[in-house]
1. Which count do you get for residues in region 342-357 that are polar (S, T, N, Q) and out of contact with any Lys or Arg (no Cβ under 7 Å at 6 or more places or on another chain)?
2. How many residues are within 18 Å of ILE369 (Cβ to Cβ) and crowded, with 16+ Cβ neighbours inside 10 Å if we restrict to region 403-427?
3. Report whether or not VAL55 is more than 22 Å from the chain's Cα centre (by Cα) and buried (at least 17 other Cβ atoms within 10 Å of the Cβ).
4. Hey, ASN138 hits all of (1) of a type outside the set (Asp, Glu); (2) closer than 28 Å to MET324 by Cα; (3) touching a residue at least 40 places away in the same chain (Cβ under 8 Å); (4) out of contact with any Pro (no Cβ under 8 Å at 6 or more places or on another chain) but one; which does it fall short on?
5. Is region 235-243 home to any residue that is among the hydroxyl-bearing types (Ser, Thr, Tyr), modelled with pLDDT of 95 or more and outside the structural domain of LEU413 (by TED's automatic domain parsing)?
6. Is it the case that some residue within region 384-406 is of a type in the set (S, T, N, Q) and closer than 21 Å to LYS177 by Cα?
7. Which fully enclosed helices (runs of 4 or more DSSP H) of region 310-405 have 1 or more residues being in contact (Cβ under 8 Å) with a residue 12 or more places away in the chain, outside the structural domain of VAL186 (by TED's automatic domain parsing) and touching a His at 6+ places or on another chain (Cβ under 7 Å)?
8. Are there any pairs with C-beta distances below 9 angstrom linking a residue in region 54-67 that is in contact (Cβ under 8 Å) with a residue 12 or more places away in the chain to a residue that is exposed (fewer than 10 other Cβ atoms within 10 Å of the Cβ) and assigned to a loop (DSSP other than H, G, I, E, B), with the two at least 6 apart or on different chains, and if so which?
Amino acid sequence: MQVKELYAYFLRSTGVATDTRKIKKGCLFFCLKGEKFDGNTFAEEALAKGAKFVVVDNPKHQKNNHSYLLVKESLRSLQELAHHHRNQFSIPVIGLTGSNGKTTTKELICSVLSQQFITTATEGNLNNHIGVPLTLLNINSKTQITLVEMGANHIKEIAFLCELSQPSLGYITNFGKAHLEGFGNVDGVIKGKSELYQFLKKNKGIALINQEDPKQLKLTEEQRRFSFGESNNVDIQIKNKTLGNNQSVCVEIDGIKIKSGLKGNYNFSNIAAAAALGSYFKISLEKIKKGIENYIPSNNRSQWHETNSNTLVLDAYNANPSSMRAALESFLAIEKKDRVLILGDMLELGNYAQQEHQEIVDFIESKEIDQILLVGPEFKKTKSTALNFKKFQTTDEVIAYLQKINYQNKTILIKGSRGIALEVLSQHL
């Protein structure tokens with residue numbers, strides 16, 4: 001089945017689904033394959049739950065009725081459909097990638113843009129070869145701007161996602177030590193993420209850049225760009241006015257102060273990027289301020305909250321050496337006693353895992369911290385002579401320990417990769 005024929009079925013549907021738990025009546029369901037499952041086996045269930053059509057790529061699972069659409073490869077057909085749908089619209093499409101802060105920045109940008117435009121954006125962190133097509137297929141006749149978050153763990157992945165989404169403007173949050181297992185090293189990370197810049201340059205798009213980031217300046221010096229920063233030679237000057245080490249990040253634009261709901265100075269560039277994009281799209285400063293101040297962090301990202309016993313800084317959605325270091329530096333700047341660190345393994349570091357985990361331990365070993373709890377097999381292999389370190393293989397072991405120790409009046413940073421599931425600790429603190 002050709003993409004134009006498939007598109008006709010898409011237009012007759014209520015949208016696209018790839019998970020039988022998220023089916024909406026009248027949708028077009030794609031039977032995708034995973035490492036441990038064959039989506040074709042869910043075709044009948046999808047129809048029973050309300051799907052109007054199912055896309056299968058195995059003739060054995062095709063039944064002789066109009067609801068079954070046979071294609072050569074379901075995933076590829078989903079991607080081609082999304083590309084075709086995107087090309088029906090001439091609206092601005094913003095591509096967003098980077099090592100750290102992608103989702104927070106995406107949500108801030110969406111909050112700002114939504115003050116003036118009907119905005120379609122990536123939901124959650126659906127930023128891969130399946131999530132990006134789903135985002136594009138959510139564009140409708142009312143959409144005025146689309147914001148596409150792009151994740152990657154190897155070379156050429158961002159290039160592929162750019163070809164699908166055709167961004168007219170793009171932003172890279174930063175280049176850090178993330179997904180080193182797939183990229184090989186930091187140079188590989190820079191090369192992979194910069195595929196967004198290359199696409200924009202080739203297609204005369206605009207690169208949004210942080211003027212204070214020398215890598216971004218260097219990589220975009222021969223293309224169209226819109227810059228932000230604290231210096232004078234920028235398209236929009238945004239000053240960091242955060243007061244106090246643990247207060248919400250505050251920025252200033254044209255003498256107007258904007259106080260965000262985010263803590264941790266590493267969030268300054270995320271907030272500034274959202275404000276800069278608002279300025280680029282001629283959104284008033286009043287609406288930019290409203291968009292930033294209305295954003296409330298969620299999903300275990302930079303969340304500060306008080307329990308009955310302690311103050312928690314929950315940042316357990318993801319972690320890599322760059323984001324871990326930034327979170328630690330921000331937390332350690334807090335002028336408070338009774339501080340505790342609970343750190344979980346940083347995943348997908350490949351051959352760099354032992355070195356990077358040891359460097360984190362070396363960094364915090366001499367700091368004034370009441371207690372440091374390290375969680376996961378990689379942190380357990382690290383070496384330290386400090387007496388305030390305790391190591392655990394799993395979160396269950398930590399829970400058992402916390403139930404015995406019963407922390408009171410502590411300020412606790414919880415930071416680790418999502419796979420370590422440190423967020424479950426918050427109910428025991």
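1. Count: 2.
2. Result for region 403-427: 10.
3. Judged against the criteria, VAL55 is a match.
4. Against the list (1) of a type outside the set (Asp, Glu); (2) closer than 28 Å to MET324 by Cα; (3) touching a residue at least 40 places away in the same chain (Cβ under 8 Å); (4) out of contact with any Pro (no Cβ under 8 Å at 6 or more places or on another chain), ASN138 comes up short only on (2).
5. no
6. Among the residues of region 384-406, not one is of a type in the set (S, T, N, Q) and closer than 21 Å to LYS177 by Cα, which makes the answer no.
7. 377-380, 395-405
8. Between residues of region 54-67 that are in contact (Cβ under 8 Å) with a residue 12 or more places away in the chain and residues that are exposed (fewer than 10 other Cβ atoms within 10 Å of the Cβ) and assigned to a loop (DSSP other than H, G, I, E, B), the close pairs are ASP57/LYS72.
The values are calculated or read from the model by the stated rules, or taken from the named source; none is laboratory data. No experiment lies behind these values; they were computed from the predicted model shown. Positions of Cβ are generated from backbone atoms using ideal geometry, with glycine treated the same way; all protein chains shown enter the neighbour counts.
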